[in-house]
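Working notes, beginning with the structure itself.
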Amino acid sequence: MTRKVFVTHRLPGRGIQELAAHCDLNVWMGPGLLPAAQLRDELAGCHGVVCLLTDRIDQDLLDAAPDLRFVSSMSVGVDHIDVPAMSARGIAVGHTPGVLVDTTADTAFALLLAAARRVAEADRFVRDGNWTAANAWSPEFFTGKDVSGATLGIVGLGAIGQAVARRATGFGMEVLAWSRTPRRVTGIEMVGLEELLLRSDFVSVHVALAPQTRNLLDVDRIGLMKPGAVLVNTARGGIVDENALAAALLNGNLSAAGIDVFASEPVSPDNPLLALPNVVATPHIGSATTLTRARMADMAAANAIAALKGQPMPCCVNPQVYR
Ligand code: DGY
């Protein structure tokens, strides 16, 4: 009997066509994102689901999907999936690490530079017609913060953190890092998290969101950051206390922030960070290049195909389900 697989969004790349040859494939065609209640209905009788980071895959959903054997997410992060609940039911969870490393590191660096040099603020200034004779070039006009020669602190030295470090070295930065998993990387000084926050002119966040990292940069740790420092977050919103960050930016303790990810997405218009001119905000576009998104979709399809063939997924976050 052909098994049913549900895909929660149209996906780029070729993998999805290959996947169609292995199952009875049903793809949500929109418009927009699939509502949670509909995902629940669609999963009844499904053997597998290919999902996005915007789909919550939790115990409640499992209860409505007794036949589910695999979840393949087109994302490296899996904080939208209750992985322990999946493992308890023997459901393999796939994700897409590796292919988005450089693209996400580019985004982090773009935000770092934009925040340091006030690029978004300057762009708004020009477009709003404020660049006039009365508001012309002057020695202190849109002065920002030097990147070259500054110290970058990387919170989480996995593949993306290391890719950011390589970029920083090219910009003449000194690089410190803190990681939950002990690591030794040439040219990077490993330090404790507190020391990193005290010494860094720029801090870039690259840990996964997990119970141990939720609110990692809380009001106390943000309070340790060097005066005038810049915070960049391309990992997950829940890692940083947004209210504490907004307060530190407002009172001038921090000079700027580059934020791609928010605790709640899409971000609410009344999020305090959006009211601040010294915040560069982007809508979770860390991996958003055409090529990288196609590669991620192909990996998600490859994980699903392996699961349908009864093979271990090439990139599985809970391989213990195969033992
Ligand atoms: C992921 O895959 O988890 C990233 O956040 C997407 O940009």
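Any read-out appearing in this document is the output of simple, stated calculations on the displayed coordinates, not a laboratory observation. What you see is a predicted model; the values in this text were computed from it and never measured. Because the Cβ atoms are built from the backbone with ideal geometry, glycine has one as well, and the counts that use them run over all protein chains shown.
Some points to look at:
- Sequence-ordered 3J(HN,Hα) estimates for the range 197-206 from the Karplus curve with 6.51, -1.76 and 1.60 and θ = phi - 60° stand at 5, 5, 9, 8, 7, 10, 10, 10, 9, 9 Hz, glycine and proline given as x.
- Selected from T132, T143, T234 as most flexible by GNM, with the chain as the system and alpha-carbon contacts under 10 Å: T132
- Reach of K309 by Cα under 17 Å, taken over lysines that are not fewer than 8 positions away in the same chain: K4
- Computed over the chain, relative contact order equals 21 percent, with contacts defined as Cα pairs under 8 Å that lie 6+ residues apart.
- Net charge dipole size for the range 144-244 [Lys, Arg +1 and Asp, Glu -1 on Cβ; Debye, nearest 20]: 380 debye
- Cα shape, the range 20-94, gyration tensor, a/c 1.5 rule: rounded
- Euclidean distance of C-alpha centroids, the range 191-229 and the range 1-80, integer Å: 35 Å
- Placing unit charges on the Cβ atoms only, positive for Lys and Arg and negative for Asp and Glu, gives the range 101-281 a dipole magnitude near 380 debye about its Cα centre.
- Sequence ranges 187-196, 119-128, 94-103, ranked by mean other-Cβ count within 10 angstrom, highest first: 94-103, 187-196, 119-128
- Amide H contacts of V280 (H built 1.01 Å from N, under 5 Å, at least 5 apart or other chain): A257, G258, I259
- Three-way shape call for the range 230-323 based on the alpha-carbon gyration tensor, with the a/c threshold at 1.5: prolate
- If you take the alpha carbon atoms of the chain and fit the smallest convex hull around them, that volume is 151 Å³ per residue.
- Model label sites at L291 and A44, defined 7 Å from Cα along the beta-carbon direction, differ in position by 4.5 nm.
- Dipole magnitude for the chain: about 860 debye, using +1 per Lys or Arg Cβ and -1 per Asp or Glu Cβ, origin at the Cα centre.
- HN-Hα J in Hz across the range 88-101 - Karplus 6.51, -1.76, 1.60, θ = phi - 60°, x for Gly and Pro: 4, 9, x, 8, 6, 10, x, 9, 10, x, x, 5, 9, 4
- Principal axis extents of the Cα atoms in the range 101-281, from largest to smallest and rounded to whole angstrom, are 55, 35, 29.
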